[in-house]
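J.: Questions regarding the structure given below will be posed in turn.
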Amino acid sequence: MVTEKNVKELENSQASLTLTIDAATIEKAYQAKLNKYAKTIEMPGFRKGHVPASVVERKYGQGIREESTFDCMEENLKETIETLEESQRPLPYSVPELQDEETLLPFKKDSDITFTVKYDIYPKFDLPQYTGLEVEVKKAEVTDEDVEKEIKNLQEQNAMVVRKDGAVEDGNIVKIDVAEVDENGNEIEDSKSSDFTFTVGSGYNRYKIDSDIIGMAAGEEKTFDKTYGEDETNETLKGKTLKLHVKVNEVKYRDIPELDDDFAQDVKEEYKTVADLKAGIRADFEKRLEEAQKNIKADAIINAVAKNAVISIPKSMIDYEAENQWQRLVQQMGGSEEQLNSFLQIQGSGKETLKESWKEPITEDLKKQMILDAIRKKEDFKVDEEAYEAKCKEEIKDSYTDEQKDYLKSAIKDEMQYAETVPFLLANNTFKDGETVSFEAFMNPSEE
């Protein structure tokens, strides 16, 4: 049995647990292991299962003592951990590491064993001020230009692609055959491209011949020289002059619908007029802007609180989150880790490189989650009892054990309280206007 235990909290969200197991417990485990081997081991001159324990001990005693003692240590460690306070227990993904193993060996008969393990624990930290703060956030508003731009987008989305008899113009959609021509006037086989389709003016074609085919009509073909400067981004074309042969097979244009009441009704049945359409777009944009402003304020206040918090996130927690993130990416990419690794290697990356790049943002995210959870615990928000009972009834089955039911009830309450944390922060801090940005930039900050 464990005769002594001592938990010591260390730096970097770690703890050490020192246990002493008495000699009697060690010897009992040793004898049990010895008798087990005596019943199963095969040795010359003895029937299986009838080897005297004394014979087994003379030949394998030290190895059996080592195995049984480590098993005994592990068993008593697990039992002891269950008796510790929650804050002193190792994280689920932190395996206790035996310290100074070499000083314990060789194990001796009739001797107590004192050993120490080290592991990660949930971080302890002082919660900084989280109310009464003033935070600056950028602002935006929905303008007439934003509404008009959206209407144009809707017109483009509802445009019909129609065959055109006239000459190619900028913005037309063309289908062409194109090939390089050698000095003898013959098309180079490897360069041929048939029925290649692109929008004139987009530049999305290998030879950048948008301007060269303007004015041509379906069925028309021509041969011309095309010179590429040193600023050409395509290395295979840079500084070269090519002779190209192009045939226009088909010309189409986008027939954009007129902005009228019929178009408004096509967009949404409830819109009867263009004015209704514009009002509806504005209302939708303003609703989206309000939600985005709320999210930006939440991010700003959480960042402000986190900035003043000193939290040591344990490595095992970061590694666990990085591995989860990797597994999610594998699933998103089709479920094959091997294929994903091959794809990353082409880009000069790999699993470990990618996971390493995630660790800093993961650390920040974990820090913020811990702060929000600490606020939840401190404020102990009151939950709506009716909603709480309804959620418990929905998620907890009668077949669950009482222990399972108690755990889920606590988890549901924690979840509902956690949901109240951000609204609490928004209501108990002040936000002042910062930089004014466009609606588009506000809604898509990554594209600024």
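The values are calculated or read from the model by the stated rules, or taken from the named source; none is laboratory data. Because the structure is a prediction, the values reported are computed rather than measured. Methodologically, a virtual Cβ is constructed for each residue, glycine included, from the backbone with ideal geometry; neighbour enumeration extends over all protein chains shown. The area values use the complete protein model at the heavy-atom level, side chains included, leaving out ligands, DNA and RNA. Shrake-Rupley method; radii C 1.70, N 1.55, O 1.52, S 1.80 Å.
J.: State whether one or more residues within region 92-109 are within 23 Å of Glu11 (Cβ to Cβ), modelled with pLDDT of 95 or more, among the polar types (S, T, N, Q) and open to solvent by 50 Å² or more (accessible area, probe 1.4 Å).
T.: yes
J.: May I pose another question? So which residues in region 1-25 are closer than 22 Å to Ser94 by Cα and open to solvent by 30 Å² or more (accessible area, probe 1.4 Å)?
T.: Lys5, Asn6, Val7, Lys8, Glu9, Leu10, Glu11, Asn12, Gln14, Thr18
J.: For region 140-159: of the residues being part of a loop (DSSP other than H, G, I, E, B) and open to solvent by less than 100 Å² (accessible area, probe 1.4 Å), which is farthest from Asn444 (Cα to Cα)?
T.: Checked region 140-159; the qualifying residue farthest from Asn444 (Cα to Cα) is Ala159.
J.: Does region 186-201 hold any residues that are free of Cβ contacts under 8 Å to residues at least 12 places away in the same chain, exposed (fewer than 13 other Cβ atoms within 10 Å of the Cβ) and either touching a strand residue (DSSP E or B) at 6+ places or on another chain (Cβ under 9 Å) or over 11 Å from His245 (Cα atoms) (or both), and which are they?
T.: Glu189, Asp190
J.: Sticking with this structure for a sec: Against the conditions (1) acidic (Asp, Glu); (2) over 20 Å from Leu127 (Cβ atoms); (3) in contact with a helix residue (DSSP H, G or I) (Cβ under 8 Å, 6 or more places away or on another chain), where does Glu385 fall short? Just the number, please.
T.: Unmet condition: (3).
J.: In addition: Please determine whether any residue of region 153-170 is more than 27 Å from Lys268 (Cβ to Cβ) and within 43 Å of the chain's Cα centre (by Cα).
T.: The answer is yes; a qualifying residue exists.
J.: How do the pairs read when you match residues in region 399-425 that are in contact (Cβ under 8 Å) with a residue 60 or more places away in the chain with residues anywhere that are part of a helix (DSSP H, G or I) and among the basic types (Lys, Arg), using Cβ under 7 Å and keeping only pairs 6 or more apart or on different chains?
T.: none
J.: Considering region 50-76 alone, what residues qualify as being assigned to a loop (DSSP other than H, G, I, E, B) and open to solvent by 30 Å² or more (accessible area, probe 1.4 Å)?
T.: Across region 50-76, the qualifying residues are His50, Pro52.
J.: Scan region 225-235 residue by residue and report those that are of a type outside the set (Lys, Arg) and open to solvent by less than 70 Å² (accessible area, probe 1.4 Å).
T.: Tyr228, Gly229, Glu232, Asn234
J.: (1) among the polar types (S, T, N, Q); (2) over 13 Å from the mean Cα position of the chain (by Cα); (3) in a helix (DSSP H, G or I); (4) surrounded by 13 or more Cβ atoms within 10 Å (Cβ to Cβ): which one isn't true of Ser349, the others all being true?
T.: (3)
J.: Within region 368-382, is there a residue that is within 21 Å of the chain's Cα centre (by Cα) and open to solvent by 40 Å² or more (accessible area, probe 1.4 Å)?
T.: So far as region 368-382 goes, yes, one or more of its residues are within 21 Å of the chain's Cα centre (by Cα) and open to solvent by 40 Å² or more (accessible area, probe 1.4 Å).
J.: Right, here's the next one. If you go through region 236-291, how many residues are among the aliphatic types (A, V, I, L, M), crowded, with 16+ Cβ neighbours inside 10 Å and under 37 Å from the mean Cα position of the chain (by Cα)?
T.: 3
J.: Kindly provide the set of residues from region 167-185 that are part of a loop (DSSP other than H, G, I, E, B), open to solvent by less than 30 Å² (accessible area, probe 1.4 Å) and not polar (S, T, N, Q), ordered by number.
T.: Taking region 167-185 and keeping what is part of a loop (DSSP other than H, G, I, E, B), we get 167-172, 182-185.
In the following step, the residues that additionally are open to solvent by less than 30 Å² (accessible area, probe 1.4 Å) were identified as 168, 172.
Correct list: Val168 only.
J.: How many residues are touching a strand residue (DSSP E or B) at 6+ places or on another chain (Cβ under 6 Å) and either within 30 Å of Thr20 (Cβ to Cβ) or aromatic (Phe, Trp, Tyr) (or both) when one looks only at region 116-137?
T.: Selection size over region 116-137: 5.
J.: Could you tell me whether region 202-221 includes any residue that is free of Cβ contacts under 8 Å to residues at least 12 places away in the same chain and over 19 Å from Asp170 (Cα atoms)?
T.: Within region 202-221 (the criterion being free of Cβ contacts under 8 Å to residues at least 12 places away in the same chain and over 19 Å from Asp170 (Cα atoms)), the answer is no, since none of the residues qualifies.
J.: So which residues in region 77-117 are in a loop (DSSP other than H, G, I, E, B), free of Cβ contacts under 8 Å to residues at least 24 places away in the same chain and of a type outside the set (D, E, K, R)?
T.: Listed by number, the residues that qualify are Pro92, Leu104.
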